[in-house]
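Okay, structure first, notes after.
The values are calculated or read from the model by the stated rules, or taken from the named source; none is laboratory data. Keep in mind the model is a prediction, meaning the values are calculated, not measured. All Cβ positions, glycine included, derive from the backbone under ideal geometry; neighbour counts span all protein chains shown. Each accessible area value is taken on the protein alone, full model and side chains, heavy atoms only, with ligands, DNA and RNA left out. Shrake-Rupley method; radii C 1.70, N 1.55, O 1.52, S 1.80 Å.
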Amino acid sequence: LDVGSPVSLKISGSNLGLQTLVSFLSQYNLSLPRGTKTKGEIAFLFNLDGVSKVEKPFSIQLAFTSNSFEFQLPESPRVVVKNLNGRFTNGNLGKPESSELTISSFNLQTGSSRIAGSLKAKNINTPLYHLDVEHRVNIADLLEWGVDIPFKTGELTGNLEALGVLKNRESFGLNTFSESKYYANLNVSNVSFVEGFGIPNIYSISGSMTVVNQDVTACKLFGKLDRSNFTAEI
């Protein structure tokens, strides 16, 4: 009985482009949009192991690191990523359900916003993710990215830990993370709501809050209500 022969392939390098890195994951429906511009290189180690003439997929292990690279999606702001370290595996089954992406460190900058920390995702097609970051996010940058939020100005800083399933990878908004759980300490500065959101004319909001799961457990805010000052503690 011919049970096949062992197959092992190892490739390493220091000048992998982002588009090539993502192409390794094309079988998991991940790709960069046409017209994406990239700059910078990524060091990598790619391992493929398995047995020929059997139906079980080959085992894939991909480790990658980069001091700095940048990319720009069509009609989107430029993104700079520094201190990137991560790995990808298709898991014991060799399928999307057993796949796992781990980014142990990253520092992402777009516009005047910065997010740094770690990310882990299982099942690359319907990701169960764990995100742990420190951040300084300008509301204007989120709007530039087309994120659906009820704010028009302001800045958010602090730390955030989130766990959940991404409902829609293609269109990010509040609903994308509606089934996630959070622990966050947030500081807000000069936040204003969009008009017609169903609340009074409140603007220039600053203060701090703590979020556990999807509940605000402590909150101290001050700002403007119409043309009057207000202070609120929850």
Regarding Glu75, is this residue at positive phi and of a type outside the set (A, V, I, L, M, F, W, C)?
-> yes
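Report yes if some residue within the stretch 171-181 is basic (Lys, Arg) and either at pLDDT below 95 or not in a strand (DSSP E or B) (or both); otherwise report no.
For the stretch 171-181, residues basic (Lys, Arg) and either at pLDDT below 95 or not in a strand (DSSP E or B) (or both): present.
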What single numbered condition from (1) at pLDDT below 85; (2) surrounded by 17 or more Cβ atoms within 10 Å (Cβ to Cβ) fails to hold for Gly117?
-> (1)
Name the one entry in Val80, Val54 that is without any contact (Cβ under 8 Å) to a residue 60 or more places away in the chain, touching a Gly at 6+ places or on another chain (Cβ under 8 Å) and of a type in the set (A, V, I, L, M).
-> Val54
Say whether the condition of being in contact with a helix residue (DSSP H, G or I) (Cβ under 8 Å, 6 or more places away or on another chain), open to solvent by less than 70 Å² (accessible area, probe 1.4 Å) and part of a loop (DSSP other than H, G, I, E, B) is met by at least one residue in the stretch 8-19.
-> no
Checklist (1) in contact with a Lys or Arg (Cβ under 6 Å, 6 or more places away or on another chain); (2) open to solvent by 60 Å² or more (accessible area, probe 1.4 Å) applied to Glu100, failing item | (2)
Over the stretch 195-216, the set of residues of a type in the set (A, V, I, L, M), surrounded by 12 or more Cβ atoms within 10 Å (Cβ to Cβ) and at pLDDT below 90 is Ile202, Val216
